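Read the structure below first, then the notes.
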Amino acid sequence: STQAINKYVDSVVSMVWDCNKYIDMTAPWALKKTDPERMATVLYVLMEALRHVAIVYQPLIPASANKILDMLTVPEDERTFDHLETSPIKFGTPVSKPKVVFPRIEIPVTEEEAVPAK
């Protein structure tokens, strides 16, 4: 059988993009003042989605995936594929202080790129 790691990665990246769209659509920061109950639900949905993403990313980037699972306070014995559907985060579970998992990469701009063409 052939392996299609690129397809696996594409599907997980798609999940992350879906989370970004959900954040943009629901604007939880705006709900804080207008509908805190809805905000809590939105944040819970995001936590659960990130739990799934981190679990399925473990074979590819185990250290980073485990940092995310640590922040979500997912017990170490509930981080396998078997737990995707059977061990959701309990609503209201506090998360640990966020830490950078993927540092921003700054790409230096050359002078030619910085100056607009005339």
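The values are calculated or read from the model by the stated rules, or taken from the named source; none is laboratory data. Everything quoted here is computed from the prediction, not taken from an experiment. Cβ coordinates were reconstructed from backbone atoms using ideal geometry, including for glycine residues, and neighbour counts include every protein chain displayed. These area figures cover heavy atoms from the full protein model, side chains too; ligands, DNA and RNA do not enter into them. Shrake-Rupley method; radii C 1.70, N 1.55, O 1.52, S 1.80 Å.
Taking Rh as the Kirkwood radius computed over C-alpha pairs, what is the Stokes-Einstein D of segment 16-75 at 20 °C in a medium of viscosity 1.002 mPa s, expressed in µm² per second?
On the way: Rh = 12.3 Å.
Value of D from the Cα-based Kirkwood radius: 174 µm²/s.
Rounded to the nearest 20 debye, what is the charge dipole size of the chain about its Cα centre when +1 sits on each Lys and Arg Cβ and -1 on each Asp and Glu Cβ? If you can, show how the numbers build up before the last one.
Working: 13 positive and 16 negative charges, 67 e Å.
The calculated dipole for the chain is roughly 320 debye.
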At a Cα cut-off below 18 Å, give the aspartates and glutamates reachable from Lys21, other chains included and same-chain residues fewer than 8 away excluded. Asp10, Glu48
Mean Kyte hydropathy of 0.0 or more with a Cα span along the axis of at least 24 Å, helices from DSSP in the chain: 5-26, 36-57
Can you tell me the accessible area per residue over the chain, all protein chains present, probe 1.4 angstrom, in square angstrom? 77
